[in-house]
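Okay, structure first, notes after.
What follows draws every value from the coordinates through simple rules; no lab data is involved. Please read these numbers as outputs of a predicted model, since none were measured by experiment. Here the Cβ positions follow ideal geometry from the backbone for every residue, glycine too, while neighbour counts run over all protein chains shown.
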Amino acid sequence: MSTSEIESPLEEREIVVTTTVDAPARPPRGGLPGGLLKLARPKQWVKNVLVFAAPLASGKITHGYVLGHTAIVFLLFCLAASAIYYVNDAFDVEADRGHPTKRNRPIASGAVPVKLAWVLGPLLGALAVALAVLLCNAGTALVLGLYVVMNAAYCFSFKHVVVLDLAMVASGFLFRAMAGGTASELPLSRWFLLTAGFGSLFMVAGKRYSEMVLMGEEAAKTRASLANYSITYLRFVWQMAVAVTLLTYSLWAFQIPEGDSTLAWHQLSLIPFGFAFLRYAVYVDAGTAGSPEDVLLKDRVLVGLGLLWLLTFALGVFHV
């Protein structure tokens, strides 16, 4: 065996798969309550902070009414997202049991009964929509309802439809951005929505691309939809998406009035915003962006760029 073969990430990943596939599934700690919590994927709730984007951009996030409604929407999306995970894992239970790592998920490992997940998933989704009507307004309930319906449709069918699978996953982020505005009846800029939409497409396509870079032909065995894509096509999608994101963000930043600010902070925020995308693209290109939340939280430079963007954007919002 040559040295290049030993150092190949693909070869290393293949060794892991073949050595762990025969290991028994590991049920989560804490019995049924622990399994239900793990099944809800609390680590993924960090995505829901996107609901704060519209209130921040409007400059009204410090208003008690707006902040309160935005916090409620954040919690409702955590509830709705967990409902989708319950349904998704119940639907994919047989496939997960044959997967080297997904077999450790609560339903596949037997920690959570399949029938219980089928009951709790729809109930949590319906509860999230009902609470949106009671605690927010009809517009927010509509957005949340569309999020639940489209993600359920993705789980049952559209995850295997070329291009639509990418669009439907990306739409989940767009619905979060929209709900943050509808909850407090804030106007939503079309450039803001386009930035959120194409930025989401970049993250989704980048994740799929990373999976293919790392696993090659094996990627289709872990995510069936990847059998319909080539690595060059996914590279085109994420590169196109990041270009459009930077363009729409620029148009949005130059559209927002600066008021009495001594510096054009919104326009200056383009610098950390653009470099943050360039930094994240390093992980995508290397095939290590399979878990976006891990990349975003563990890279100190990326976190620093994010905070610098937040600072410059906030200075523009509050006309400092």
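Only Lys, Arg, Asp and Glu carry charge here, each on its Cβ (+1 for the first two, -1 for the last two); on that basis the chain has a dipole of about 700 debye about its Cα centre. Charges were assigned to the Cβ only: +1 to each Lys and Arg, -1 to each Asp and Glu. The resulting dipole of region 42-187 about its Cα centre is roughly 280 debye. Using a cut-off of 23 Å between Cα atoms, the listed pairs LYS38/LYS60; LYS60/LYS298; LYS115/LYS207; LYS47/LYS102; LYS38/LYS298; LYS60/LYS207 include LYS38/LYS60; LYS60/LYS298; LYS115/LYS207; LYS60/LYS207 as exceeding that distance.
By how many degrees, 0 to 90 and rounded to 10, does the Cα axis of helix 164-182 deviate from the longest principal axis of the chain? Between helix and principal axis, roughly 40 degrees.
Fully extending the segment from LYS43 to LEU123, taken as 0.36 nm per residue of separation minus the present Cα-Cα distance, adds 26.7 nm. Summing charges over all other residues whose Cβ lies under 15 Å from the Cβ of ASP299, with Lys and Arg as +1 and Asp and Glu as -1, gives 0. Here the residues MET240, MET150, MET212, ranked from fewest to most Cβ neighbours within 10 Å of their Cβ, fall in the order MET240, MET150, MET212. By how many degrees, 0 to 90 and rounded to 10, does the Cα axis of helix 231-255 deviate from the longest principal axis of the chain? Value to nearest ten degrees: 20.
Have a look at ALA128, THR312, ALA227 and report the one farthest towards the positive end of the charge dipole of the chain, computed about the Cα centre with Cβ charges (Lys/Arg +1, Asp/Glu -1). Most positive-ward Cα: ALA128. Toward the positive end of the charge dipole of the chain, with +1 on the Cβ of Lys and Arg and -1 on the Cβ of Asp and Glu, the farthest Cα among MET212, LEU36, HIS160 is that of LEU36.
Using Cβ point charges alone (K and R +1, D and E -1), the dipole size of region 189-320 about the Cα centre works out to roughly 200 debye.
Extent of the chain along its three principal axes (Cα atoms, max minus min coordinate, largest first): 65, 52, 34 Å. Helical content of the chain, expressed as a calculated mean residue ellipticity at 222 nm, amounts to -23000 deg cm²/dmol (DSSP H runs of 4 or more residues, -39,500 (n - 2.57) each, divided by residue number, nearest 500).
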